[in-house]
Amino acid sequence: GEGLKVGARHLLIKFSGSRNPVSRRTGESTAEVSADLAVAELEAFAARINAEGATEAVFAKYAAQRSDCGSYVEGGDLGEFGPGEMQREFEEGARRCAVGQMSPVVVSDSGYHLIFRTK
């Protein structure tokens, strides 16, 4: 049923350990980005997002500026997805959030994410 679907935006920072270490925003390699650097940068973005009210619009603004996922053009919007459609760590991270809430830093094969649950 519909209740199984969730919606989310995300801000992805790829790093040396990402499955495909190339930013979809810049086209540049992220092979030089350490895990520690990626996490520190995401935590700085989380602080900025929280300081500006942590709304979906604020989250989307920063995802558009920085996310290494192709969804950056949509402010990080991934739309809706059902069970098993996303990497497990990402889906679990999204489901742990209430609608309208931002996740802590989540790691998946793609890299490090902040997730904002929209549905």
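The angle between the Cα long axis of helix 56-66 and the longest principal axis of the Cα atoms of the chain comes to about 20 degrees, rounded to the nearest 10.
Multiply the residue gap between residue 88 and residue 109 by 0.36 nm, knock off their C-alpha separation, and tell me the result in nm, one decimal place.
The residue 88-residue 109 span can extend by a further 6.6 nm.
Helix-only arithmetic for the chain: the sum of -39500 (n - 2.57) across DSSP H runs with n ≥ 4, divided by the residue total, places the mean residue ellipticity at 222 nm at -9500 deg cm²/dmol. Check cross-link reach from residue 14 to the lysines: straight Cα distance under 19 Å, and skip same-chain residues fewer than eight apart. By straight Cα distance, residue 14 reaches 61.
Taking the chain as the reference, fit the longest principal axis to its C-alpha atoms, fit the long axis of helix 35-51 to the helix C-alpha atoms, and give the angle between the two in degrees, 0 to 90, nearest 10. The answer is roughly 50 degrees. At q = 0.12, 0.14, 0.20 Å⁻¹, what log₁₀ I(q)/I(0) does the chain have when each alpha carbon counts as one equal point scatterer in the Debye sum? Summing over Cα pairs of the chain leads to -0.37, -0.51, -1.06. Run the reach check for residue 5 against lysines, Cα to Cα strictly under 17 Å, same-chain hits fewer than 8 apart removed. What comes back? Of all the lysines, those that pass the test against residue 5 - Cα under 17 Å, at least 8 places apart if same chain - are 119.
Could you give the longest part of the chain that holds none of the GluC sites (Glu not before Pro) found in DSSP loops with at most 15 neighbouring Cβ atoms within 10 Å? With a cap of 15 other Cβ atoms within 10 Å, the longest stretch comes to 86-119.
Contact order normalised by length for the chain, with contacts defined as Cα pairs under 8 Å and 6 or more residues apart; what percent is it?
The value is 39 percent.
Every Cα-Cα pair of the range 1-62 was included, and the share exceeding 17 Å stands at 53 percent.
Quick one: length gained pulling residue 74 to residue 44 fully straight, 0.36 nm per residue minus the C-alpha distance? Don't skip to the answer; put the middle values down first.
Details: separation 30, 0.36 × 30 = 10.80 nm, distance 2.14 nm.
Full extension of this stretch gives 8.7 nm more.
All of the numbers you see were taken from the coordinates with simple rules; none came from a lab. Worth saying up front: this structure is predicted, and the values here are computed from it rather than measured. Every residue, glycine as well, gets a Cβ built from its backbone with ideal geometry; the counts of neighbours run over all protein chains shown.
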